[in-house]
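Every number in this text was worked out from the coordinates using simple rules, so none of it is lab data. Since this is a predicted model, take the numbers as computed values, not measurements. Neighbour counts run over all protein chains shown; Cβ positions are idealised from the backbone, glycine included.
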Amino acid sequence: MNKAVFLDRDGVLNRAIVRNGKPFPPESVETMEILPGVADAIESLRLAGFLRIVVTNQPDVARGTQTREAVEAIHNHLLSVLPITQIIACYDDGETSPCRKPNPGMLLEAAGLHAIALSQSYMIGDRWRDVEAGRRAGCQTVFIDYGYSEPRPEPPANYTCLNLPSAVAWILNQTMNGATHAS
C-alpha cells in the first residue's frame, strides 16, 4: 500500500485571494502565485515516498463564475512546475455531493486509484472542510491557519501551523519517529 499527502490547492499551494476575511481562488494562471517554500516542501514529500495528491473544491464552475478551462489551466501549470502526483477537482456546488469536501469522495477516489493506505496518509488544508474530509477518510490532518473569518476545524486538526513547509516538517517528523495513525 502507498502513503499519500493530500493537499488542498488554494491557500496551501497558491495564495488565496482574501476578501472580507474569506478565501477565494485565483481567476487564472496569470493571477496565481505559488506560496513561498511550496516546491521544496512537496519535493521533500516525494523524496520521503509520499504520493502528493491535490484535492480541491472548485464550486465556482457550477456557479458560473469560473470556467472549467481556467481551472484546468491552473492545474496544468501546477503539474508542470511542482512535483505533484495528481490533481482531483470537485466542480459540484451542492453540500451533498460525495466529492465536495467536507465529504471524503476525492480522497477515497485517489485511494482506490493508487492503492493508498489512508491510515498512513495526511490531509493538509486551510479550511475546516479540508480537515473534516481528511478525518472522514481516516487520515491524520493538518490545518494551516490564516485566521479566516469562518469556522475553524472542530474537533481540531492533529496539527495546526502557519504554512505548508511547517506542515511538511511535522509530517516528516511523524514519519521518522514511527508515529502510528488513528484509523
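Things worth noting here:
- All positions within segment 55-87 that are of a type in the set (S, T, N, Q) and either surrounded by fewer than 15 Cβ atoms within 10 Å (Cβ to Cβ) or in contact with a Leu (Cβ under 7 Å, 6 or more places away or on another chain) (or both): 65, 67, 76, 80, 85
- Selection within segment 11-26: residues that are touching a residue at least 60 places away in the same chain (Cβ under 8 Å) and in a strand (DSSP E or B). The member of this set that is surrounded by the fewest Cβ atoms within 10 Å (Cβ to Cβ) is 22.
- Complete set of residues in segment 40-54 that are surrounded by 15 or more Cβ atoms within 10 Å (Cβ to Cβ) and either assigned to a helix (DSSP H, G or I) or touching a Cys at 6+ places or on another chain (Cβ under 8 Å) (or both): 41, 42, 44, 45, 46
- Residue match in segment 88-107 (condition: among the basic types (Lys, Arg), surrounded by 19 or more Cβ atoms within 10 Å (Cβ to Cβ) and assigned to a strand (DSSP E or B)): no
- Some residue of segment 113-122 being free of Cβ contacts under 8 Å to residues at least 40 places away in the same chain and either among the polar types (S, T, N, Q) or within 18 Å of residue 57 (Cβ to Cβ) (or both): no
- Given (1) of a type in the set (Gly, Ala, Ser); (2) part of a loop (DSSP other than H, G, I, E, B); (3) touching a residue at least 40 places away in the same chain (Cβ under 8 Å); (4) under 19 Å from residue 175 (Cβ atoms), number of the condition residue 149 does not satisfy: (4)
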